[in-house]
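Working notes, beginning with the structure itself.
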Amino acid sequence: MLIKRIIYILSFVIFICPILVLAGNISIPVEIKQPIKILLVPGHDNEIWGSQYGKIKEADMNLVLATKIYNLLKKDKRFEVFITRDSSGYTKEFADYFSLHQVDIISFKEDVKKKMENKINNGSFVKKENVPHVSATSYMSNILYGINKWVNENNIDAVIHIHFNDYPRKNAWTIGKYKGFAIYTPEEQMINSKESNNLAKDIFSQLHKKYISSNYEKELDGIIPDQSLIALGSNDSLVENVRSILIEYGYIYRFGNSVMRHKAYINMANLTVVGIKNYFLLAR
């Protein structure tokens, strides 16, 4: 009986497992030779806090959720995790970088814009309509391009921007008609598009287990390509091997209840981390 059982197990390992792997039914772990570098960007900051619903500021929500994701990833030694802000403001590394490299950041910003203008003029890049966004102020634009410059220089594997959504309406203190999450990725012409989209798919599939995707008509696909968001590397300001996504975890007015909001942070953080690990740690 024991010999038969051993033969059965060996047969399964030798013959059945490869078939299941090829069929996509089993994922095998990837060998990680060096830590995977992830940068988390809790959107906005204490000066420009994004959306607001009552006393709830988006920048605060972004920070709480990003910190939970950060703490979960830090427990796994296969990841080296960075975050741009903490409860005191920008971390020392980023505050110093923005201050000491201000001229270089502006020069970088103007250089990538000029190169993209040339691509558009010679027809090698076609501008497309994007989902409408609030235009970044000069201050925030410099921050975001500064983050992209830092990411390129530090060989970051993925940068994930954390946000909550809103939309213009007559009374901002009322609950709006939209709900659900969406993930924005670089449009297909952008140099870092392909793998960014694959990362987005893995995170989307996890979040969608518990949350509905956005019912806003321009976000119905769930994963939205975009050319204009600096966070995603607009003007090809991120190098090809940097995966960049921006997650709108839901509409801010849906999280007015404190208990529900904090439960959502925990669930969203856990699901996001599973998606990140599925992308980086499982063979395709």
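Just a few scattered comments:
- Tabulated pairs, the range 32-55, first under 21 Å from residue 173 (Cβ atoms), second of a type in the set (Lys, Arg) and buried (at least 16 other Cβ atoms within 10 Å of the Cβ), C-beta under 6 angstrom, 6+ apart or interchain: 49/57
- Of the residues 219, 248, the single one that is touching a residue at least 40 places away in the same chain (Cβ under 8 Å), closer than 21 Å to residue 56 by Cβ and among the acidic types (Asp, Glu) is 248.
- Residue within the range 156-171 that is under 27 Å from residue 277 (Cα atoms), in a loop (DSSP other than H, G, I, E, B) and among the small types (Gly, Ala, Ser) present: no
- Enumeration of residues in the range 187-237 that are among the hydrophobic types (A, V, I, L, M, F, W, C), surrounded by 19 or more Cβ atoms within 10 Å (Cβ to Cβ) and not in a strand (DSSP E or B): 190, 199, 200, 203, 204, 207, 229, 230, 231, 232
- Residue within the range 265-284 that is β-branched (Val, Ile, Thr), over 12 Å from the mean Cα position of the chain (by Cα) and closer than 18 Å to residue 164 by Cβ present: yes
- Flag for residue 116 being in contact with a Phe, Trp or Tyr (Cβ under 9 Å, 6 or more places away or on another chain), surrounded by fewer than 20 Cβ atoms within 10 Å (Cβ to Cβ) and not in a loop (DSSP other than H, G, I, E, B): yes
- Which numbered condition residue 141 misses (of (1) in contact with a Lys or Arg (Cβ under 6 Å, 6 or more places away or on another chain); (2) part of a helix (DSSP H, G or I)): (1)
Since every read-out is calculated from the coordinates, none of them should be taken as a lab result. Because the structure is a prediction, the values reported are computed rather than measured. No Cβ is skipped: glycine too gets one built from the backbone with ideal geometry, and neighbour counts run over all protein chains shown.
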